[in-house]
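Undergrad: I have a structure here, written as structure tokens, and I will follow up with some questions on it.
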Amino acid sequence: MRKLLTSTILLALAFVAKAEVKMPKIFGDNMVLQQQTDCNLWGTADAGKQVKVRTSWDGRTYKAQVDTQGKWRVAVRTPQAGGPYDITLTDGKTLTLHDVLIGEVWICSGQSNMEMPVKGFGNCPVEGYNKVVLEANQYKGVHYVKIPSVMSSKPLDDANCEWKEINPETVGDASATGYFFAQVVNKALDVPVGLVMANKGGSRVESWLDRD
């Protein structure tokens, strides 16, 4: 009887966990979305369910139908640069993304010259490193996410990553080229800047192309 009860509880917990709406980790707290565009959001949930997405910048609710593969996608309209905002998703259980900024988003892709962080490779930081660290708090609107390098023979649906706000503790891990570019954009336009750091030194061009 005890074993039967335990199995029933575990089965119920598994069902509850499966029912939760989920998104790839690149969608998370502190992320930056491109301003004034139709921005795609996607994820997974139980097949046949409906996912509702509410954006706090305009109070609008979008609806997406989950397909037979358990996948959903919806495009939300973003305003002019600003924030922070929240995005709330629900399919019966609620997921909320906090401190979302709207601004300019750039992909920092390439090899070692784009991958090299502000702290440098092999304990050899970029020129003026100490000054960069001391002034990092001046760029509160600059956030970045680093896509980890994982070997795979096919495209992956997710990556173990998270958005970080630039500050003296995080600036060292940011792409130096990407970060110095973001400083210029941030100063010139006075908007938040999001950097998606998808780079890997020494990678072949074929790694960045689809199979076709």
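Undergrad: Roll a 1.4 Å probe over the protein chains and send me the accessible area per residue for the stretch 27-80 in Å².
TA: Per residue, the stretch 27-80 has 53 Å² of solvent-accessible surface.
Undergrad: Can you give me the C-alpha center-to-center distance between the stretch 57-133 and the stretch 152-204, rounded to a whole angstrom?
TA: The stretch 57-133 and the stretch 152-204 have Cα centres spaced 10 Å from each other.
Undergrad: Once phi is turned into ³J(HN,Hα) by the Karplus curve 6.51 cos²θ - 1.76 cosθ + 1.60 with θ = phi - 60°, what whole-Hz value does each residue of the stretch 106-120 show in order, with x for glycine and proline?
TA: So the J values, rounded to whole Hz, are 10, 8, 9, 10, x, 9, 5, 6, 9, 6, 3, x, 4, 6, x.
Undergrad: With a/c under 1.5 counting as rounded, go ahead and sort the stretch 83-212 into rounded, prolate or oblate using the C-alpha gyration tensor (a ≥ b ≥ c being the square roots of the eigenvalues; past the cut-off, prolate if a/b is larger than b/c, else oblate).
TA: Verdict is oblate for the stretch 83-212.
Undergrad: For the stretch 30-113, rounded, prolate or oblate, judged on the Cα gyration tensor with a ≥ b ≥ c (square roots of eigenvalues), a/c < 1.5 rounded, else prolate if a/b > b/c?
TA: oblate
Undergrad: Would you kindly derive the ³J(HN,Hα) couplings of the stretch 54-59 from the backbone phi angles with the Karplus curve 6.51 cos²θ - 1.76 cosθ + 1.60 (θ = phi - 60°), listing them in order in whole Hz, with x for Gly and Pro?
TA: Karplus values, whole Hz, x for Gly and Pro: 10, 9, 6, 6, 9, x.
Undergrad: For the stretch 77-156, what class follows from the C-alpha gyration tensor (a ≥ b ≥ c being the square roots of its eigenvalues): rounded when a/c is under 1.5, otherwise prolate if a/b is larger than b/c, else oblate?
TA: The shape class here is oblate.
Undergrad: Can you tell me the order of 132-138, 99-105 when each peptide is scored by its average per-residue count of other Cβ atoms within 10 angstrom, highest first?
TA: Ranking, from highest mean packing down: 99-105, 132-138.
Undergrad: Test of understanding: extend the Cα→C-beta vector of residue 36 to 7 Å, then name every residue of the stretch 68-88 with backbone N under 17 Å from that spot.
TA: It comes to 77-83, nothing else.
Undergrad: What's the carbon and sulfur percent of the chain's accessible surface, probe 1.4 angstrom, rounded to a whole number?
TA: 53
Undergrad: Within straight cross-link reach of residue 22, meaning Cα distance under 29 Å, which lysines are found once same-chain residues fewer than 8 apart are removed?
TA: Straight-line reach from residue 22, under 29 Å: 49, 52, 63, 71, 93, 140, 146, 154, 164, 200.
Undergrad: Can you tell me the relative contact order of the chain? Whole percent, Cα pairs under 8 Å, sequence separation 6 or more.
TA: 23
Undergrad: Right, here's the next one. State, to one decimal in nm, how far the label point of residue 52 lies from the label point of residue 26, with both points 7 Å from Cα in the Cβ direction.
TA: In this crude spin-label approximation the distance works out to 2.8 nm.
The values are calculated or read from the model by the stated rules, or taken from the named source; none is laboratory data. What you see is a predicted model; the values in this text were computed from it and never measured. Methodologically, a virtual Cβ is constructed for each residue, glycine included, from the backbone with ideal geometry; neighbour enumeration extends over all protein chains shown. Just so you know, the surface numbers come from the protein's heavy atoms only, side chains and all, with ligands and any DNA or RNA stripped out. Shrake-Rupley method; radii C 1.70, N 1.55, O 1.52, S 1.80 Å.
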